[in-house]
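The values are calculated or read from the model by the stated rules, or taken from the named source; none is laboratory data. Treat the numbers as computed from the prediction; the structure is a model and nothing was measured. When we count neighbours, we look across all protein chains shown, and the Cβ atoms used for this are built from the backbone with ideal geometry, even at glycine. Please note that ligands, DNA and RNA were not included when accessible areas were found on the heavy atoms of the full protein model with its side chains. Shrake-Rupley method; radii C 1.70, N 1.55, O 1.52, S 1.80 Å.
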Amino acid sequence: MFKILTLNQISVNGLERFSREKYEIASEIRHPDAILVRSQRITPEELSPTLRGIARAGAGVNNIPVGECTKKGITVFNTPGANANAVKELVVTALLLSSRDILGGIDFVKQMTTQDPAEMHKVVEKQKKMYKGEELAGKTLGVIGLGAIGSSVAETALRMGMKVLGYDPGLSVEAAWKLSGEIQKMENLPSLVSKSDYVTLHLPALESTRYMINKDMLASFKKGCRLMNFSRAEIVEIEALVDALESGQLSRYATDFPHPSLLGRADTILIPHLGASTEEAEDNCAVMAANQIIDFLENGNIKNSVNFPNISLDRNGGHRIAISNQNIPKMLGKALAIIADRNINVSDMINKSRDDIAYNLIDLETPPPVDLKEALEGIEGVISVRYL
Ligand code: 3PG
């Protein structure tokens, strides 16, 4: 029986993927084999020795101590693209709310008390000039980060008549091929922000992206630009942002990550991290996370991991061993020698590495003897061994 700990509310459609015969699932469980999580922070101390995998039902993994997990041989998964449409729709909402004072206008009507329709009409028509804005069509949108969400925002903006500039130094060749030729690729960030009426951020929170939007970068923005941050709070340096709003360098900041320094400002649109909070996105993320964890726990296969190599080996019955080890020479040879010493035939195998970690799936023709696991664990550099 595998034990699955759920942190945060995980969609029932995802939880239903786990058969009750093989899995015990609870929000409080000791010594789990795997964790399903959304944005709840997991500390290194919470990584139980039994833990094999963590699946983030969503994109960002900055709430998970990924480095510690790698050292302990814990595979961390996310669900790229599963909530991209939900986030894209909220970003488009933010672009529209930033271009006109729709929120101010709605607040104004909410505060009206007259019961006289004629009077209401008169006041509305007189006051509406206060809430005039501009159209998105014809304006330039700079998209920083062209992954699943950024590229989807860019495509929609093009269809709305915007000109789109894109910047993503880490763009894969595969992702680049899928992008519309109408997105003008920029060489660097300052040239993108200096030409954009609107800028939207679609980057993970990493050491390299922390405070990417800082005082110097904000100085390069086109005066009066509107900035959308639906990625992570840490990408924008808050003091520099407030200064840019005060000076008019930025005319609006719309974000899914409210900060106390931004409260009460008419030039901010603060949303309580609702990007992925739709029925569809919650279902998609939970189902994808559950499928990935099931295939990993039962077959050792890895898809969409952020710290282990992607790996898949068809199951043809038999007895499978999954070994994680440091990515150093001779590891596979040592493991195979130990297996051969016990006169066991290997029927199939695959080995892949990523950065400092290597991972092997080895199928045996006969059941592994009781001492094999201990012998494999005894190889210096082996992190974990599982029989599947
Ligand atoms: C993500 O990283 O996928 C989004 O920020 C959504 O986070 P959530 O699952 O906590 O809503």
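Quick one, what does Rg over Rh come out to for the range 210-315 if you take C-alpha atoms and the Kirkwood Rh?
The Rg/Rh ratio comes out at 1.19.
Using Cα pairs closer than 8 Å and at least 6 residues apart in sequence, work out the relative contact order for the range 312-388, in percent.
Here the relative contact order equals 46 percent.
Angle check, please: helix 148-159 long axis (alpha carbons) against the longest principal axis of the chain (alpha carbons), in degrees 0 to 90, nearest 10.
It works out to around 30 degrees.
Please report the accessible area of M112 (heavy atoms, 1.4 Å probe, ligands and nucleic acids excluded) in Å², nearest 10.
40
Can you give the accessible area of D314 in Å² (nearest 10), computed on protein heavy atoms with a 1.4 Å probe?
About 120 Å², ignoring ligands and nucleic acids.
Calculate, in nm to one decimal, what V124 and A26 gain on full extension: separation in residues at 0.36 nm each, minus their alpha carbon distance.
In short, 29.9 nm is gained.
Once the piece of chain linking E239 and K223 is laid out straight, how much longer is it, given 0.36 nm per residue of separation minus the C-alpha distance between them?
4.0 nm
With a 1.4 Å probe and every protein chain left in place, work out the accessible area per residue of the chain in Å², rounded to a whole number.
Averaged over the residues of the chain, the accessible area is 50 Å².
Considering the options I362, L372, I339, tell which one lies farthest towards the positive end of the dipole of the range 312-388, charges being +1 on Lys and Arg and -1 on Asp and Glu at the Cβ, about the Cα centre.
The residue sitting most towards the positive pole is I362.
Over all alpha-carbon pairs of the chain, lay out the pair-distance distribution in 10 Å bins, whole %, shortest bin first.
Over the chain, the share of Cα pairs per 10 Å bin runs 5, 20, 25, 21, 15, 9, 4, 1, 1, 0 percent.
How much accessible surface does L15 have with a 1.4 Å probe, in Å² rounded to 10?
Using a 1.4 Å probe on the heavy atoms, I get roughly 40 Å².
Need the full-extension length gain, Y387 to E298, defined as separation in residues times 0.36 nm minus the C-alpha distance. One decimal, nm.
31.1 nm
Return the calculated 222 nm mean residue ellipticity for the chain, to the nearest 500 deg cm²/dmol, obtained by summing -39500 (n - 2.57) across DSSP H runs with n ≥ 4 and dividing by the residue count.
-9500 deg cm²/dmol
If DNA, RNA and ligands are ignored and the probe is 1.4 Å, what is the ranking of K330, K303, K195, K139 by accessible area, most exposed first?
Of K330, K303, K195, K139, the descending order of accessible area is K330, K303, K195, K139.
Using a 1.4 angstrom probe on heavy atoms only, work out the carbon and sulfur share of the accessible area of the range 74-213 in %.
56
How tilted is helix 117-127 with respect to the longest principal axis of the chain? Cα atoms for both, answer in degrees (0 to 90, nearest 10).
That works out to roughly 80 degrees.
Near the amide H of F77, under 5 Å away, which other amide H atoms are found, from residues 5 or more places off or on another chain, if H is placed in the peptide plane?
The answer is I54, A55, R56, V306.
Count neighbours as other Cβ atoms within 10 Å of each site's Cβ, and list the GluC sites (Glu not before Pro) in the range 298-388 that are DSSP loop with at most 14 such neighbours.
Taking the range 298-388 and a limit of 14 other Cβ atoms within 10 Å, the loop GluC sites (Glu not before Pro) found are E365, E380.
Taking a 1.4 Å probe, which of R30, R17 shows the most accessible area, and what order do the others take after it?
The ranking, largest first, comes out as R30, R17.
Could you check what % of the DSSP bridge pairs in the chain are antiparallel, to the nearest 5?
About 40 percent, rounded to the nearest 5.
Give the relative contact order (percent, whole number) for the chain; include only Cα pairs under 8 Å separated by 6+ residues.
Worked out over the chain, it gives 16 percent.
Work from the charge dipole of the chain (Cβ charges, +1 for Lys and Arg, -1 for Asp and Glu, about the Cα centre) and give the residue of Q40, V61, I106 farthest towards its positive end.
Sorting the options by dipole projection puts first I106.
Considering only Cα-Cα distances, which of the following residue pairs are longer than 21 Å: K178/K223; K72/K303; K71/K352; K195/K215; K72/K373; K110/K223?
Pairs exceeding 21 Å: K178/K223; K110/K223.
Using the crude model of +1 on Lys and Arg Cβ and -1 on Asp and Glu Cβ, and no other charge, please compute the dipole size for the chain relative to its Cα centre, in debye to 20.
Dipole magnitude for the chain comes out near 680 debye.
If you filter the range 65-136 for trypsin sites (Lys or Arg not before Pro), then keep DSSP loop positions with at most 13 other Cβ within 10 Å, what is left?
Here the sparse-neighbourhood loop sites are K132.
Report, to the nearest 10°, how far helix 331-341 tilts away from the longest principal axis of the Cα atoms in the chain, using its own Cα long axis and a range of 0 to 90°.
Between helix and principal axis, roughly 30 degrees.
With +1 on each Lys and Arg Cβ and -1 on each Asp and Glu Cβ, and nothing else charged, work out how big the dipole of the range 312-388 is about its Cα centre, in Debye to the nearest 20.
Dipole magnitude for the range 312-388 comes out near 100 debye.
Rounded to the nearest 20 Debye, what is the dipole magnitude of the range 197-283 about its Cα centre when Lys and Arg each give +1 and Asp and Glu each give -1 at the C-beta?
Magnitude of the dipole: close to 460 debye.
Give the aspartates and glutamates reachable from K22 as a straight Cα distance under 17 Å; neighbours fewer than 8 places away on the same chain don't count.
D33, D295, E298
Would you mind getting me the FRET efficiency between T50 and N8? Use the beta-carbon distance for r and R0 = 30 Å, nearest 0.05.
The value I calculate is 0.90.
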